[in-house]
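Enquirer: I'd like to ask you about the structure that follows.
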Amino acid sequence: LMWARKCVSSCIRFKRQYATTNWKRIERTPKPQVRGEVSVLTYNILSQRTTDPFKLYCNHEYLDQNYRRKNLVEEIKSHNADVICLQELDHLEYLDHYKIIFGDLGYNSVYVPQGRDPNLVRGIESTNAHGSSIFFRKDKFSQVSHKSILYPAFARSFTPKILSTKFLNFFTRMWNIGVIVLLEMNDTKEQICVATTHLFWHPDHEHVRIIQAHILTEEIQKLNVNNAPVILTGDFNR
């Protein structure tokens, strides 16, 4: 209850502070492509099913899924990034919209629903799942390999001597995930390893985020056998 009151209070302060702000859009001038250079965008776009708290201070029409999608896509497109990492992308949004839209713009992609089987197909479960994705330009990269990291699946790798059984049972109920993609640049044949993740949210559980980050970095090392440069992005909930 106390946490909820703090959230409401924060929402009210946010509304008072920014309700009358005159926002100015900065026009971006596209930079010329440099051989071997890579531009990366990372963005937690907020799952549609977690928008309810924002109704306290945000006009409801701005939270409409179609309205949000249109504006999010335009914002992401405006950066013209070589690699796009998204967190909290709803599974059906990915299948029905983002995969198609960015596919038409020349991107391949890898998507992992949060806490679900990476091979999940359309079904009842998928309507309640959001996840993380990595999009990359087809004309610039070829995918070498990729790996999905479901953090709860690694709980069994920690013995009770390292972590208590009670904590491990708690850890297995978290649905956080990571995605790793090993890419090869089409022009230079150099490789880069791109990873994105969404770590556990609760402010009192930093030890959980540390363990999740440890798992992710270990899996990056296993996949990245040629020691290619690593780009790590995500929502770390810091």
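The values are calculated or read from the model by the stated rules, or taken from the named source; none is laboratory data. Source: prediction; values computed, not measured. Note that each Cβ is placed from the backbone with ideal geometry, even for glycine, and that neighbours are counted across all protein chains shown. In case anyone asks, the SASA skips ligands and DNA or RNA and just uses the protein heavy atoms, side chains included. Shrake-Rupley method; radii C 1.70, N 1.55, O 1.52, S 1.80 Å.
Enquirer: Please calculate the 1.4 Å probe accessible area of residue 56, with all protein chains present, and give it to the nearest 10 Å².
Expert: 110 Å²
Enquirer: Now a separate question. Can you give the extra length, in nm with one decimal, that the chain gains between residue 230 and residue 37 once fully stretched, where that is 0.36 nm per residue apart less the Cα-Cα distance?
Expert: Here the answer is 68.1 nm.
Enquirer: Just the number, please: carbon plus sulfur as a percent of the accessible area of region 150-205, 1.4 Å probe, no ligands or DNA/RNA counted.
Expert: 58 percent
Enquirer: How much accessible area per residue does region 151-238 have, counting only protein heavy atoms and a probe of 1.4 Å, in square angstrom?
Expert: Result: 54 Å² of accessible area for each residue.
Enquirer: Can you put 238, 137, 173, 209 in order of accessible area, largest first, using a 1.4 Å probe?
Expert: 238, 173, 137, 209
Enquirer: Then there's this: Among 99/222; 55/99; 189/222; 77/140; 70/147, which pairs are too far apart, with a Cα-Cα distance over 25 Å?
Expert: With Cα atoms farther than 25 Å apart: 99/222; 55/99; 70/147.
Enquirer: Where Lys and Arg each count +1 and Asp and Glu each count -1, what net charge lies around residue 230 among other residues with Cβ under 15 Å from its Cβ?
Expert: Residues close to residue 230 contribute a combined charge of -2.
Enquirer: Further question on the same structure: Please give the FRET efficiency for residue 165 paired with residue 210, using the beta carbon to beta carbon distance and R0 = 25 Å, rounded to the nearest 0.05. Show your work: numbers first, answer last.
Expert: Values: r = 19 Å, r/R0 = 0.77.
So the FRET efficiency works out to roughly 0.85.
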